[in-house]
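Reading through the structure tokens given below for one structure.
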Amino acid sequence: MNASTGEADVVLSRVRKSFGAVVAVDDVSLSIARGSIVSLLGPSGCGKTTTLRLVAGFERPDAGEVSIRGARVNDVPPYRRDFGMVFQSYALFPHLTVADNVGFGLRMRHVPREERRRLVAEALALVKLEGFADRQPRQLSGGQQQRVALARAIVFKPAVLLLDEPLGALDKMLREEMQVELRQLQQRLAITTVFVTHDQEEALTLSDRVAVMRGGRIEQVGAPREIYERPATEFVAGFLGASNFLDAEVAEPGRVRVGGAGFDVPGAAGVPGTRLRLAVRPERVVLSPDGGEGLEATLRDVIFRGSTVHFYLESAIGPLLAYRQNEDGGDRGLRPGQRVRCSWSPGSAVVVAPLGDATR
Amino acid sequence: MSARGRLFGWGILLVPLAVSVALFVGPLAQLFMISLREPSSTELYGTGWTLANYTQLAEDDFIARIVWRTMWTSFLVLGCALAIGYPVAWRIARMPPRKRSLVLLALLFPLMVSNVVRAYGWVAILGRRGVVNTTLQQAGVIDFPMALLFTPEAVVMGLLTILLPYMVISIANALATLDPRYEEAAASLGAGPIRSFIHVVFPLSAPGVASGALLVFLLTLSAYVTITLLGGPRSKLLVSLVYDSVVAFQWPQAAALAFVLLALALATCGLILAVLRPGRVQGGAR
Ligand SMILES: Nc1ncnc2c1ncn2[C@@H]1O[C@H](COP(=O)(O)OP(=O)(O)O)[C@@H](O)[C@H]1O
Ligand SMILES: [Mg+2]
């Protein structure tokens, strides 16, 4: 699953960091392939920022090792590590113009003035801010400041780009636009990138790989599709969007019983009677008229959401949620109170480790 | 801002504005008039108008020397306050918040003792029979007491002990409120501690340095007790001359001297602000 360490630009191995009694990062191992973009995704306080700051060198690990481009950097101060960073608050220098902000890293690297001017202009063009060179940061909108911060972090072509919730302060429209732009820019420059976010859609949109964090630990690492479709744990399944969690019992290998109905689940292993936790995405739940195959349920509510319609159901094993694409402008004649059957294709139910005992 | 908001804003300012016109601008204008009056031997000032009060000052070598000494002393005090104050402030700004407020409070403590008392404290230390001279004499290091008091150095020392806290507190506040992200951003761009300080920390602390510098400079220019007690008759500064003219009933001359002092103060404040440019830092982290 991990990229071969030979071409990994950033490697964290068994890194641990605590602040007093709080363990912010707990035994984290992660390897980031050259030119790829990896998201650290998780709820607030799960240790994303601390992990990023360990790579930057703003924090020192209590245990474990941090490497950049194959060199152990535990004892290397931040200014000697080769990375660019975009801070959540941007941290543009208010006393410098946009051009001087962007050129700062070049100046620190003793790039001659003419060369510097050319590279700054190039970087500003890259983030579509031509003509803003002589402005002060405070004269720019939030989105523009964000672009300046990005230009400042990439202009000197660092080995690694670190982004701490860089789009968090932007409104939804601008954020989605920037996600796509950031992704394109990252691919064009092929710059190894670590992206911190608590927004699962953002992580899925942007990343080659996503590391889902919880309580200082990495719960699962994988490609966006992989962690969405095949979450290893109930936490990952729940954090990456709505999911139905069902208690099931193995009937025979590859087949389970859920609330009196039988389902094929390829991942279901164990002797008959073994209890399992299943996750089924709402968009995979198929509703059919009562009397056929599947789990019996009563329709409680139908919510029209525009592009989708949400069905809230009550079954013998608890509430269920089903999404339908709005293909015909309506609810397919389903009314609250109606009895229906819920089913899904064999590959749609995933066996997950229940909350609480994160299997690792 | 809406028209009503603007009106409200001016409304709030009305009373302070009236008070400051009545108590400050008015008397200042009157003082300026007096500086343009002819001297009089019977009244505080005569009835005729003249520029002589200023031209006399310009031609007087003694005055020129004193102006020189005033500027020199003020800049020396300012320079020392900055050189000592900045590192101290830097250290204080990096303390945990609770400890920092305690230390800043402790810095304010000496300000609660009157300047007169503190100046006499220096007299007791630096005088001919003060602590320093008697100790050195008893130790056999010197045979005769040194002239430590009534020197420019004594004045600078005395002023520094009074004014240093203003500098330290101003700068410490600026540094303590500085977002640590700026330094981290500088480090991420390859700036080591020294270049981070030169290019980022110091420029961003400019508002604190400027307010500290203005306070120290203006308080030096207007200090009277300290320079009189520690400088004696031979280390007079401009304020002393103003005072001497007032008690000699030379009001037009005193007024003219006061305006020279004011002009020096304004010019230097302008210079300090031009060098430090605190205005460019405003706007904050976002
Ligand atoms: N400098 C610090 N001092 C004390 N506790 C900290 C510090 N930085 C982070 N923490 C704690 O470490 C945990 C992880 O924080 P953080 O990495 O900022 O999480 P995230 O970025 O995922 O929201 C939190 O409980 C936070 O309170
Ligand atoms: Mg964070």
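Taking only pairs six or more apart or across chains, which ones have beta-carbon atoms under 6 Å, a first residue in the range B:257-280 that is within 14 Å of chain A (Cβ to nearest Cβ), and a second residue that is surrounded by 11 or more Cβ atoms within 10 Å (Cβ to Cβ)? Final answer for the pair search is B:276/B:206; B:276/B:209; B:276/B:210; B:278/B:206; B:278/B:207; B:278/B:210; B:280/A:95.
Within the range B:56-70, being surrounded by fewer than 18 Cβ atoms within 10 Å (Cβ to Cβ) and within 17 Å of the chain's Cα centre (by Cα) holds for B:68, B:69. Looking only at the range A:62-103, filter to residues that are more than 11 Å from chain B (Cβ to nearest Cβ) and open to solvent by less than 20 Å² (accessible area, probe 1.4 Å); which one of those is nearest to residue A:161 (Cα to Cα)? It comes out as A:68. Apart from one condition, residue B:187 fits all of (1) away from chain A (no Cβ under 12 Å); (2) over 26 Å from residue B:103 (Cα atoms); the exception is (1). Within the range A:25-132, considering only helices (runs of 4 or more DSSP H) that don't extend past its boundaries, which have at least 2 residues that are touching a Leu at 6+ places or on another chain (Cβ under 9 Å) and within 14 Å of ligand 1 (Cβ to nearest atom)? Those helices (runs of 4 or more DSSP H) span A:48-56.
Within this structure, residue A:138 passes the test of being basic (Lys, Arg) and either at pLDDT below 95 or within 16 Å of ligand 2 (Cβ to nearest atom) (or both).
Flag set for residue A:35, criterion: surrounded by 15 or more Cβ atoms within 10 Å (Cβ to Cβ), small (Gly, Ala, Ser), closer than 23 Å to residue A:76 by Cα and out of contact with any helix residue (DSSP H, G or I) (no Cβ under 7 Å at 6 or more places or on another chain). The number of residues in the range A:16-49 that are touching a residue at least 60 places away in the same chain (Cβ under 8 Å) and within 14 Å of ligand 2 (Cβ to nearest atom) comes to 12.
Quick one: would you say residue A:287 is part of a strand (DSSP E or B), within 19 Å of residue A:238 (Cβ to Cβ), in contact with a strand residue (DSSP E or B) (Cβ under 7 Å, 6 or more places away or on another chain) and in contact (Cβ under 8 Å) with a residue 24 or more places away in the chain? So residue A:287 fails the test. Considering each residue of the range A:205-216 in turn, none proves to be more than 14 Å from the chain's Cα centre (by Cα) and either part of a helix (DSSP H, G or I) or more than 16 Å from ligand 2 (Cβ to nearest atom) (or both). Checking A:163, A:204 one by one, the residue that is crowded, with 22+ Cβ neighbours inside 10 Å and either more than 14 Å from chain B (Cβ to nearest Cβ) or within 16 Å of ligand 1 (Cβ to nearest atom) (or both) is A:163 and no other.
The values are calculated or read from the model by the stated rules, or taken from the named source; none is laboratory data. For clarity, every value in this text was computed on a predicted model and none was experimentally measured. Using ideal geometry, Cβ is built from the backbone for each residue, glycine included, and neighbour counts are taken over all protein chains shown. Side chains are part of the model used for accessible areas, which takes the heavy atoms of the whole protein and leaves out ligands, DNA and RNA. Shrake-Rupley method; radii C 1.70, N 1.55, O 1.52, S 1.80 Å.
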